Amino acid sequence: HVPLLGSSDPPVHTRLRSIVSRLFTPRRMEAARPQIRAQIDELLDQASAEDRSDFMSKVAHPLPVHLVGNLLGLTEEDRGPVRHWTSAVMRVIGGGDLPPSAYRQAEQATDKLRVFLDSFAETHEGESILASIVAAEADPDRLSADEAVAFLTFLYQAGGGPTAMMLGNAVLTLLRHPDQWKQLREDPSLARSALIETLRWDSATHVLLRFARADTTLGKRKIAKGDTMFVLIVAAHRDPELFADPDRFDITREVDTTDVLSFGLGPHFCLGQPLALIQGEELLQAMIERFPEVELPRDGMTRSQELLLRGPARLELNWS
């Protein structure tokens with residue numbers, strides 16, 4: 001078993017994070033902003049080719065997957081296989097009641113990812129994140145081959161579903177508050193503030209899974225060291241001691257990114273936060289510029305049934 005960045009503790013987590021954090025600097029993500037906007041515009045073109053289409057399947061889910069592929073420096077022909085292999089590995093890492101075939105497929109996928117990384121190392125040097133992962137793998141003090149595979153898998157898993165749900169929740173919340181949508185249209189500089197408020201209002205990551213490090217008591221509930229805890233962060237986001245009038249959605253609310261717990265806290269704070277926020281900002285900017293009159297039909301939304309992520313499974317929009 002090779003620990004993932006999100007499911008390991010120090011000292012393993014410290015070593016892994018020190019290696020990969022250099023690949024996800026805010027500066028590097030900011031440099032990708034034009035590329036991100038171009039990808040958003042392309043997906044919006046495809047979605048709006050029909051008068052009514054599903055924002056989740058046409059825009060929210062493909063966007064982070066495309067961007068991870070771009071940042072990794074994958075060719076068009078490599079993207080499909082790499083995503084397929086990482087999905088097979090992640091299925092097993094996620095656990096649950098799986099058939100034996102799932103474990104065989106994960107083993108085969110791991111082997112194929114190792115071969116792919118080896119061949120990539122021979123043919124690529126440069127600025128892409130995957131080139132940096134491969135270079136780190138070649139250094140005996142850095143990533144092992146299995147850790148490189150695990151990190152590649154983690155990138156697709158962490159960068160995909162949570163970001164897609166964040167984008168869906170942002171659009172859903174704003175369209176359900178027409179006065180706030182109008183305000184954003186009139187003042188596009190509020191895009192970052194609006195995104196943070198949608199994270200506070202309806203966070204895609206609404207539960208954090210943690211393990212108690214010591215015996216403690218919360219309220220009248222005794223928690224033993226090692227107990228599993230599901231921390232409901234959406235409750236914290238409505239804390240009246242931190243947020244005035246917390247049940248009011250207000251895109252001009254002065255909420256800092258550190259006030260929302262959607263990206264975690266402490267050593268496990270999400271490495272991809274700068275990339276996720278840029279995607280959200282650029283999406284909102286594109287929507288208000290290109291589709292200011294977009295509407296959510298009464299029957300347009302179906303909520304996802306996932307346990308750890310909250311957001312729409314389907315979000316159909318009338319584009320004009």
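The values are calculated or read from the model by the stated rules, or taken from the named source; none is laboratory data. Just so we're clear, the structure is a prediction, and the values are computed from it rather than from any experiment. FYI the Cβ positions are ideal-geometry reconstructions off the backbone, even for glycines, and counts take in every protein chain you see. Side chains included, ligands, DNA and RNA excluded: accessible areas come from the protein's heavy atoms. Shrake-Rupley method; radii C 1.70, N 1.55, O 1.52, S 1.80 Å.
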Calculated FRET value between residue 101 and residue 135, using beta carbons and R₀ = 35 Å, to 0.05:
0.50
Ranked order, 154, 211, 24 - accessible area, probe 1.4 Å, largest first
211, 154, 24
Simple SL model, points at 7 angstrom along Cα→Cβ for residue 229 and residue 52; separation in nm is 4.6
Relative contact order in percent for the chain (Cα pairs under 8 Å, 6+ apart) equals 24
Ignoring ligands and nucleic acids, what accessible area does residue 132 show with a 1.4 Å probe (Å², nearest 10)?
30
If I ignore ligands, DNA and RNA and count only protein heavy atoms, how much of residue 30 is accessible to a 1.4 Å probe, in Å² to the nearest 10?
90
Can you tell me the dipole magnitude for the stretch 178-316 around its Cα centre, using point charges on the Cβ only (Lys, Arg +1; Asp, Glu -1), in Debye to the nearest 20?
860
Kirkwood-based Rg over Rh for the chain (C-alpha set), two decimals?
0.97
Any idea of residue 85's accessible area? Nearest 10 Å², probe 1.4 Å.
50
Sites matching trypsin sites (Lys or Arg not before Pro) across the stretch 247-320 that sit in DSSP coil, with at most 11 neighbouring C-beta atoms within 10 Å:
248, 298
So between residue 258 and residue 314, what do we pick up on full extension, going 0.36 nm a residue minus the alpha carbon distance?
17.2 nm
Alpha-carbon Rg with Dmax, taken over the stretch 150-258, Å
17.1, 52
Run the numbers for residue 299 and residue 221: contour at 0.36 nm per residue of separation, minus the present Cα-Cα distance, in nm.
23.9 nm
Accessible area in square angstrom per residue, the chain, 1.4 angstrom probe:
51
The stretch 253-320: C-alpha gyration tensor shape, a/c 1.5 cut-off, then a/b vs b/c:
oblate
Can you give the convex hull volume of the alpha carbon atoms of the stretch 29-126 per residue, in Å³?
138
Whole-percent carbon and sulfur share, accessible surface of the chain, 1.4 Å
52
Could you give me D for the stretch 185-320, from Stokes-Einstein at 37 °C and 0.692 mPa s, where the hydrodynamic radius is the Kirkwood radius over C-alpha pairs? Units µm² s⁻¹, please.
192
